[in-house]
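The values are calculated or read from the model by the stated rules, or taken from the named source; none is laboratory data. Keep in mind it's a predicted model, so treat the numbers as computed, not measured. Cβ atoms come from the backbone with ideal geometry, glycine included; neighbour counts cover every protein chain shown. Heads up: the accessible areas ignore ligands, DNA and RNA and are worked out on the full protein's heavy atoms, side chains in. Shrake-Rupley method; radii C 1.70, N 1.55, O 1.52, S 1.80 Å.
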Amino acid sequence: MKIINERGKLFGIINLVDLVLLLVLVLGVVAIGYKMLEQPIQEVVRTEVPVTVTVRVRGAMPYLVDEMVEKIKAGDRLVSGGGFDNAEVMTVEAVPYVYSDFSSDGVGVKITDPMKSDVIITIKASGVEDAAIFKIGTQEVRTGRGFNFKTNRFEIDTIIESVEFNG
């Protein structure tokens with residue numbers, strides 16, 4: 001018995017081209033199934049630790065400060081997309097707005113604005129300390145970066161002042 005007969009069939013059963021296409025299809029299904037079902041080892045091994053993120057709104061006008069202190073409460077959860085994140089507000093605090101300027105003789109001085117205030121918001125979340133990117137919702141969290149602070153009652157752009165892993 002020949003391996004490939006005169007009609008091009010392998011062992012007289014299946015065409016060689018059909019066999020190759022069938023093998024490619026089966027391998028593709030197996031590869032997709034493996035990717036969908038595998039659980040990355042790094043996610044299993046890594047443990048999340050508490051994270052404290054401090055954000056600041058610089059130089060807010062009095063009406064905005066009053067609104068923020070009234071609407072943002074400890075325990076409010078942050079929102080992204082269509083749902084709540086694993087982050088919540090710990091504290092909201094208004095402090096004097098201090099900025100630098102130069103006096104008439106060219107010396108740098110710190111000036112406290114009598115009208116404006118800074119608002120400092122402390123957020124409690126959880127994350128992996130040695131991860132390359134720490135996120136709250138869809139936003140990357142790094143000191144010095146802008147952060148869109150958003151709850152179900154309030155939204156404002158802030159600057160991240162500190163990120164502390166407490167684990």
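Among all residue pairs at least 6 apart or on different chains, which show Cβ distances below 7 Å where the first residue, located in the stretch 56-79, is of a type in the set (S, T, Y) and the second is part of a helix (DSSP H, G or I) and surrounded by 13 or more Cβ atoms within 10 Å (Cβ to Cβ)?
none
What tally of residues in the stretch 132-167 results from selecting those that are open to solvent by less than 50 Å² (accessible area, probe 1.4 Å), β-branched (V, I, T) and under 12 Å from the mean Cα position of the chain (by Cα)?
The qualifying residues number 2.
So, in the stretch 99-131, of the ones that are open to solvent by 60 Å² or more (accessible area, probe 1.4 Å) and of a type in the set (A, V, I, L, M), which residue ends up nearest to M61 (Cα to Cα)? Give the steps one after another, and end with the answer.
First, pick out the residues of the stretch 99-131 that are open to solvent by 60 Å² or more (accessible area, probe 1.4 Å): 99-102, 104-105, 107, 110, 112, 114-116, 124, 129-130.
Then keep just the ones that are of a type in the set (A, V, I, L, M); that gives 107, 115.
Working: V107: 27, M115: 7 Å.
Here the answer is M115.
Identify all residues within the stretch 76-98 that are under 30 Å from M115 (Cβ atoms) and outside any strand (DSSP E or B); write none if there are none. Even if it seems obvious, please write down each step before you answer.
Step one: filter the stretch 76-98 for residues under 30 Å from M115 (Cβ atoms), giving 76, 78, 89-98.
Answer for the stretch 76-98, where residues must be under 30 Å from M115 (Cβ atoms) and outside any strand (DSSP E or B): just D76.
One residue is enough: does the stretch 53-69 have a residue meeting the conditions modelled with pLDDT of 85 or more, part of a loop (DSSP other than H, G, I, E, B) and loosely packed, with under 14 Cβ neighbours inside 10 Å? Break it down into steps so the answer makes sense when it comes.
As a first pass, look at the stretch 53-69 and keep what is modelled with pLDDT of 85 or more: 53-69.
From what is left, the residues that are part of a loop (DSSP other than H, G, I, E, B) are 61.
Among the residues that remain, those that are also loosely packed, with under 14 Cβ neighbours inside 10 Å are: 61.
Yes, the stretch 53-69 has at least one match.
So which pairs qualify, if the first residue must be in the stretch 14-36 and without any contact (Cβ under 8 Å) to a residue 12 or more places away in the chain, the second must be surrounded by 10 or more Cβ atoms within 10 Å (Cβ to Cβ) and not aromatic (F, W, Y), the Cβ gap must be under 7 Å, and the two must be at least 6 apart or on different chains?
What qualifies is N15/G8; N15/K9; L19/L10.
Can you work out which of the residues in the stretch 82-98 that are modelled with pLDDT of 90 or more and small (G, A, S) is most open to solvent (accessible area, probe 1.4 Å)?
Initially, the stretch 82-98 is screened for residues modelled with pLDDT of 90 or more, giving 87-98.
If we keep only those that are small (G, A, S) too, we end up with 87, 94.
Working: A87: 3, A94: 53 Å².
Checked the stretch 82-98; the qualifying residue most open to solvent (accessible area, probe 1.4 Å) is A94.
Can you list residue pairs whose Cβ atoms sit under 6 Å apart, with the first residue in the stretch 89-109 being more than 30 Å from I136 (Cα to Cα) and the second being surrounded by fewer than 12 Cβ atoms within 10 Å (Cβ to Cβ) and basic (K, R)? Count only pairs 6 or more apart in sequence or on different chains.
Listed by first residue and then by second, the contacts come to S100/K110.
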